[in-house]
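Colleague: After the C-alpha cells below, expect a handful of questions from me.
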Amino acid sequence: MAEHLDSRVLATLQEVMDAEYPVLLDTFLVDSEERLRLLQAACQGGEAESLRQAAHSFKGSCSNMGASLLAELCREMEETARREQLDEAPALIERIEREFAIVRILYRAERQRWHSAG
Amino acid sequence: MPRRLSILIAEDGAADRMLLAAIVGRQGHHVVTAANGAEAVALFERERPQLVLMDALMPVMDGFEAARQIKQLAGNELVPIIFLTSLTENEALVRCLEAGGDDFIAKPYNPIILEAKIQAMHRLRRLQATVLEQRDLIGRRNQQLLDEQRAAKAIFDKVAHAGCLNAPNIRYRQSPRALFNGDLLLAAQAPAGRMFVLLGDFTGHGLPAAIGAMPLAETFYGMTAKGYSSNQILREINAKLKLILPVEMFCCATLLDINLGQGILRVWNGGLPDGYLLQAGGERLPLRSGHLPLGVREATVFDDTFETLPLAVGDRLLLLSDGLLESCNADDELFGEQRLLSVIDANSDRTTLFDDIQEALHAFHGQILDDLSLVEVNMIAEDRPVADLSPPSYPLGSKELHPRDWSNRFELRPSSLRMADPLPITMQLLLQISPLRCRIGTIYTVLTELYANAVEHGVLLLDSTIKCGADGFATYYRERQQRLDELVEGFVSIELTVKSEGPSGYLRIGVRDSGPGFDVQQALNQQYCSGRLGGRGLRMIRQLSERFYWEPDGKVLYVEFHWSGHA
C-alpha cells in the first residue's frame, strides 16, 4: 500500500478533517472520475494544452490526498502533454486508470477502517 | 497574536477546496469558497474578504484574470492573493505575479506553512493600511498647515503693507511664499520726505522664520512713523530679535535710509549680499555688508554705523537676497554674483534693468523660482511740493487730547549732542496735539532742518561746500563725526510753545544754538549758501509754516504752525 498512498498524508487529512474525513475521500473519488474523463476527452481530441492543464490539476489533487503514485503518473502525463508527444498519451492514460482503480479500492478500505475505528 | 481573517478560497477541485476550507477554518479564519474565477470575483464584491487563496487553473475564468479583477476592485486596500499551485514553470509563476499575486503555496498543502503565510500577508495588510492612514493624515495636516500659513500671511500682510511698497518708484519681486522662506521686504515713508527700505532674510524656513518677521515689521513701521532715526530703528530691531530669536536664528538685512531731498543715502548691511547703487552717470557702487546680521549681537556691542553715499535723481538702488545668487540650475551651477554683474553691466537702459535681471534668472533656471527676493528703488524727482507729503500712514494709537497752554524747553550739550536724538521725543510731544497731527510730517521736516543746521553749522561750524567735492560726502560726514567726538562746549536748545484759544491755536518752535549766528535774510536771498543753512532749506521752512522769523543776531530761529476750527 505504501507506494500507492502516503500514510503520513492520510494521518494529517484525518486530523484536519475530523468527522468530515470520509466525505473528503468520497469527494475526491467523484472528483477524480470527472478528471479522468477530462483527460480522456482531451487525449482523444488531440488537445495538448487541455491535456496538460487537466493532468496538472489532477496531479495537485492527488498530491493533496496522498495518492503518490497517481500524482507521479499525472506529472508524467503533464510533461508529455507539454512536449506535445500525444502518441505516448493513450498508454499513459491507461496506466493512470489502472492506478486510480487501485487507489479507489484503498480509499474505500480506508473509509471502512475509519468508520469501524470511530 | 494571530488575527482571524475572512478568507476567500477559489479552487475548482471539490476535494482540494474542501480540504483547504477545513485547514483554514480550523485555524480560526472565516472562509467563503468559490469553484471558479467568475464566482470568486462575485463573492469578493459581496463579502469583501481580507485575503484570497486562488487556484491558477480554473474553468469559466482562470485565477489570473480573477486576481486582476479582485486587485482592481480592492483599490487602495491591500488584499493579498496567494496562488495555490504546484507550478514549476517560471513562466506560470511570472503570470501569477503579473496578475497581482503576492505569494504561492504548493500542493500538497502544509497547514503550518499555510498559516504562516496567511499571517505574513496579514502583517503586510496592516502595514499597507498604516501607510495609507498616515498618508491621509499627512495630507490633512499639510492642508491644515497651508491654511494656517495663509491665515498667518493675511495677518502679516496687514502689517507689512502698512508702508509704501506700492510706491511707483519701487519694483520688487517676491513669491507669495517668501514670508515662509524667511524673506521680508518693508518700505515706509519717513518724515521729512525720506524713505526707509528694509530687505531681511531670516535663517531657516517655515513658521519660525515667519514669526520673527512680525515684530521686525511692527518695530520698523511703528518707529518710522514716530520719527525715530534709522539708527534707532535698527538698534531696536536688533535688540528685539536678539531677545526673542533662538541662538541659531538671526536676520540678514539691509536698511536703506533714502533722503533724496538732501541727496544722501545711508546704508546699513548686515549679512546680505552686496546691493548696488547704480548712479545715473553709469557708476555702480556696491552696498557691502559690514556688520553681523540682526539678532546676533548684544545691544551694547551692536554697531549701527551707516555708510553714507551721495544720491541724485536718476540713481537706482538694487537689493537682493542670497536666494538669487545661490540659486542653482539643472546642471547644479550657481547663478552667482558674476552673472548678476554682467547683466547689470550689459544693461544700457536702466528702466529695463529689473526685467533684464528677471529674464536672465529665467533663462538660467528655465523656470520661475520662488525663493528669492529682488527690489529696485528708483530715485525719481518729487513732483509734488514737499508740503503735500502725506502724513505717516501708520495708525497712531494715542488718544486725542485737547490742545493746552504750555511750553517746554530743553537744551542739548556736547555729550547729548553726540548721543541723543531729540527729534523722536519732540515728535511724541507734538503728536499729542490733535489739530497738528495731519501736518506732523511737515513739522518733522522743518524741525529736522532747524536742528541739523544748529548742530552742523552753529555748533560744529561745518562748511557745507565740502559736500561739493568728489569725495565730498564722505569727507563731510567724517568731519562732522570727528568734530562731534571732540566737542567740549556748545549747545542747541529747542523750545516748544503751544497756545490755544477756543478752536484756534498755534505751535511755536524756537531753535537756538551756541554758534556765532548768521545773516538769515541774506541766506534766504541766496541761491546757495556756503557756510550756513542753504537758501533752499530756509525758503522751504518759510513755505511750510505760517510764520518764520528770527532774532536779529541770527542765533535763534522761530517757526509757527497755526490751526483754526476743527482741523
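What follows draws every value from the coordinates through simple rules; no lab data is involved. Please read all numbers here as calculations on a predicted model, not as lab measurements. Cβ atoms come from the backbone with ideal geometry, glycine included; neighbour counts cover every protein chain shown.
Colleague: Once each part is reduced to its C-alpha centroid, what is the distance from the stretch B:285-318 to the stretch B:423-488 in angstrom?
Modeller: 20
Colleague: If you don't mind, there's one more thing I want to ask. Mind checking the mean number of beta-carbon atoms from other chains within 10 Å of the Cβ atoms in A:53-60?
Modeller: Counting other chains' Cβ atoms within 10 Å and averaging over A:53-60 gives 5.
Colleague: Sorted from fewest to most neighbouring beta carbons within 10 Å, what does the list A:Trp114, B:Trp563, B:Trp268 look like?
Modeller: Starting with the residue having the fewest Cβ neighbours, the order is A:Trp114, B:Trp563, B:Trp268.
Colleague: Sticking with this one: Assign one of three labels to the stretch B:293-349, namely rounded, prolate or oblate, based on the Cα gyration tensor with a ≥ b ≥ c the square roots of its eigenvalues; rounded applies when a/c is under 1.5, prolate when it is not and a/b is larger than b/c, and oblate otherwise.
Modeller: Because a/c hits 1.5 or more and a/b fails to exceed b/c, the stretch B:293-349 counts as oblate.
Colleague: Taking a ≥ b ≥ c as the square roots of the eigenvalues of the Cα gyration tensor of the stretch B:6-131, is the shape rounded (a/c under 1.5), prolate (a/b larger than b/c) or oblate?
Modeller: Since a/c stays below 1.5, the shape of the stretch B:6-131 is classed as rounded.
Colleague: If you take each beta carbon of peptide B:49-56 and count the beta carbons of other chains within 10 angstrom, what is the mean?
Modeller: That average works out to 1.
Colleague: Highest mean first, how do B:118-124, B:452-458 rank when packing is the count of other Cβ atoms within 10 Å averaged over residues?
Modeller: Packing proxy ranking, top to bottom: B:452-458, B:118-124.
Colleague: Could you work out how much longer the chain between B:Asp356 and B:Leu243 gets when fully extended? Use 0.36 nm per residue separation minus the Cα distance between them, nm to one decimal.
Modeller: The span from B:Asp356 to B:Leu243 would gain 36.6 nm if fully extended.
Colleague: Kindly provide the helix-only [θ] at 222 nm of chain B, computed as the sum of -39,500 (n - 2.57) over DSSP H runs of four or more divided by all residues, to the nearest 500 deg cm²/dmol?
Modeller: One gets -12500 deg cm²/dmol as the mean residue ellipticity at 222 nm.
Colleague: Still on this structure: For the stretch B:210-280, which GluC sites (Glu not before Pro) pass both filters: DSSP loop (anything but H, G, I, E, B) and at most 12 other C-beta atoms within 10 Å?
Modeller: Those that pass, being in a loop and sparsely packed, are B:Glu248.
Colleague: Shape verdict for the stretch B:161-383, please, from the Cα gyration tensor: rounded (a/c under 1.5), prolate (a/b greater than b/c) or oblate.
Modeller: oblate
Colleague: Expressed as a rounded percentage, what relative contact order does chain B have, with Cα pairs under 8 Å and six or more residues apart?
Modeller: It comes to 9 percent, rounded to a whole number.
Colleague: Give me the one-decimal nm value for the distance between modelled label points at B:Gln134 and B:Ala92, 7 Å along each residue's Cα-to-Cβ direction.
Modeller: Label at B:Gln134, label at B:Ala92, 3.9 nm between them.
Colleague: Could you sort the peptides B:477-488, B:204-215 by per-residue average Cβ neighbour count (10 Å cutoff), highest mean leading?
Modeller: B:204-215, B:477-488
Colleague: Still on this structure, I have one more. Evaluate E = 1/(1 + (r/R0)^6) for B:Arg547 and B:Arg478, where r is the Cβ-Cβ distance and R0 equals 30 Å; express this FRET efficiency to the nearest 0.05.
Modeller: 0.20
Colleague: While we're looking at this one, here's another question. So if R0 is 35 Å, what FRET efficiency would B:Gln72 and A:Arg37 give, r being the distance between their Cβ atoms, rounded to the nearest 0.05?
Modeller: According to the calculation, E is roughly 0.50.
Colleague: With r defined as the distance between the Cβ atoms of B:Glu489 and B:Arg536 and R0 fixed at 25 Å, what FRET efficiency is calculated, to the nearest 0.05?
Modeller: Efficiency, from the Cβ-Cβ distance: 0.25.
Colleague: Sticking with this one: Based on the mean of other beta carbon atoms within 10 Å per residue, what is the order of A:17-26, B:56-65, most packed first?
Modeller: Listed from highest to lowest mean packing, they are B:56-65, A:17-26.
Colleague: Right, here's the next one. Under the √(5λ) rule applied to the eigenvalues of the Cα gyration tensor, what semi-axes describe the equivalent ellipsoid of chain B? Give them in Å, descending.
Modeller: 80, 26, 19
Colleague: Just grab the label-to-label distance for A:Leu106 and B:Arg150, each label 7 Å out from Cα along the Cβ direction, in nm (one decimal).
Modeller: 7.5
Colleague: If you don't mind, another one. Using a 10 Å cut-off around each Cβ of peptide B:7-15, what is the average number of partner chain Cβ atoms that fall inside?
Modeller: Across the residues of B:7-15, the mean count of other-chain Cβ atoms within 10 Å is 5.
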